[in-house]
Structure formats: structure tokens, C-alpha cells
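Heads up, the thing below is written out as C-alpha cells.
The values are calculated or read from the model by the stated rules, or taken from the named source; none is laboratory data. Owing to the predicted nature of the structure, the values given are computational and were not obtained by experimental measurement. Don't worry about glycine lacking a Cβ; one is built from the backbone with ideal geometry, like all the others, and counts go over all protein chains shown.
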Amino acid sequence: MLESFSPVEKFSTKSQPDQKQGVKQTKRRMIALFLIVTLLAACIFVTAVDAAPIGTDPKTVVKYAKSWVGVKNVHGGNSRAGIDCSHLVLQVYKAAGAKSYYFMKVPAMRNNKNFKIITTPAFGDVVLFKKDVTYKGKKYGLPGHVGIYIGGNEMVDTSFTSGKVVITNFKTSPFKDGSPYYARWTKK
């Protein structure tokens, strides 16, 4: 009696269980790829949604912050005649539409539960500093200072040296030595 002969069965390199295993691995890879793409898309969306402060448009915050450049730095000031760093944050955030934001001095900002410490700033986040710095013989009380992040390691802040609101690169001295960090207003 002759056996039925199928070249596919005799010369197939994969057995039936191996083929099923290969299909399972392919499905797993497709699921993993889908999850990675979904996660990346979520990260991009969250970054866009978490613009600072919550409830504002980041470009609007930057626009209002830059509109203060050149205004005189006056301790306790809260107008275009003169302003300090804490009031600058208040005026910019209010103008940009952060309805829940209220005035607070820098030490209160540092301890406020509505300011979330973040590692990567978005436009409009605040730039704070951890320590005092002495630079070119002058002491800078950086833990009592704040600026508004506008991108590219720059912030709008009240200048110690020029006596005006300026755009400052906080990754250069004296600021870099003050250990800058970032916080985002999260109260809606």
C-alpha cells in the first residue's frame, strides 16, 4: 500500500506547534508596538495639555511675560511703573487667564501645594532657585527670586544688575550656580 505523500508535510521546516508559536510572537510584537505608539502619543498630548499654568495658552503666557521687559524693578512693585519678581508672575498669569492664581511671595511659592515641581519646563512655568550665590563679589539671594520660563533656558525676570525686567539665560552665572528648578501652577 502506498502512503500518501505531501511534499509540504515532509519538507516543512516548522511543525504545527512552531507555527502557532510564531503567530503568538508576532501578535505579542504587534501589541507591544501598539502600546509603545500609544504611550508616546499620550506623552506628547500630556505635554501639550500641561502647559503652564494650567488653563492658559503657553504662547500667551510668553507674550505677556515679554511685554514686561524694560519695566523698572521695584521691590514690592505691582504695576508697569515698577514691579518685583513675585508680582511679575501674578500679573503675567492673570493676564494670560490663570483665574485661580493669587499673589504669593517666592517662599510661599516654594511651599504651595498647587505648584508642582517638574523636571522639564514648559513655556510659562516658574524658574526657582535652591541656594544663594556669590558672583563677582556680589551676593545674590536666589532662593527669594523667581522668573517665568520662555524656552531655550531663558526666563523673564527682574534683574539684580540692570534694575529692569529682562530676559535672562538661567544656565549661565550667577543663576546656574543657584541650582535652578521648575514648578508648574496646577490649580484649575
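Each residue in the range 143-165 was checked for being under 17 Å from Arg80 (Cβ atoms) and surrounded by fewer than 20 Cβ atoms within 10 Å (Cβ to Cβ), and 4 of them qualify. Any residue at all in the range 61-81 that is polar (S, T, N, Q), farther than 21 Å from Thr120 by Cα and under 21 Å from the mean Cα position of the chain (by Cα)? No, that holds for no residue. Each residue in the range 91-122 was checked for being closer than 17 Å to Phe170 by Cβ and modelled with pLDDT of 95 or more, and 1 pass. Residues that are in a loop (DSSP other than H, G, I, E, B) and of a type in the set (D, E, K, R) within the range 162-178 comprise just one, Lys171. Among the residues of the range 55-100, those identified as hydroxyl-bearing (Ser, Thr, Tyr), more than 17 Å from Ile150 (Cβ to Cβ) and surrounded by fewer than 17 Cβ atoms within 10 Å (Cβ to Cβ) are Ser79, Ser100.
Among helices (runs of 4 or more DSSP H) entirely within the range 1-90, having at least 3 residues that are of a type in the set (A, V, I, L, M) and at pLDDT below 90 singles out 16-49. Looking across the range 129-167, the residues that are β-branched (Val, Ile, Thr) and out of contact with any Ser or Thr (no Cβ under 7 Å at 6 or more places or on another chain) come down to Val133, Thr134, Ile148, Ile150, Val156, Thr158, Thr161, Ile167. Out of the range 166-178, which residues are of a type outside the set (Asp, Glu) and surrounded by 14 or more Cβ atoms within 10 Å (Cβ to Cβ)? Val166, Ile167, Thr168, Phe170, Pro174, Phe175, Lys176, Gly178 - these are the residues of the range 166-178 that are of a type outside the set (Asp, Glu) and surrounded by 14 or more Cβ atoms within 10 Å (Cβ to Cβ).
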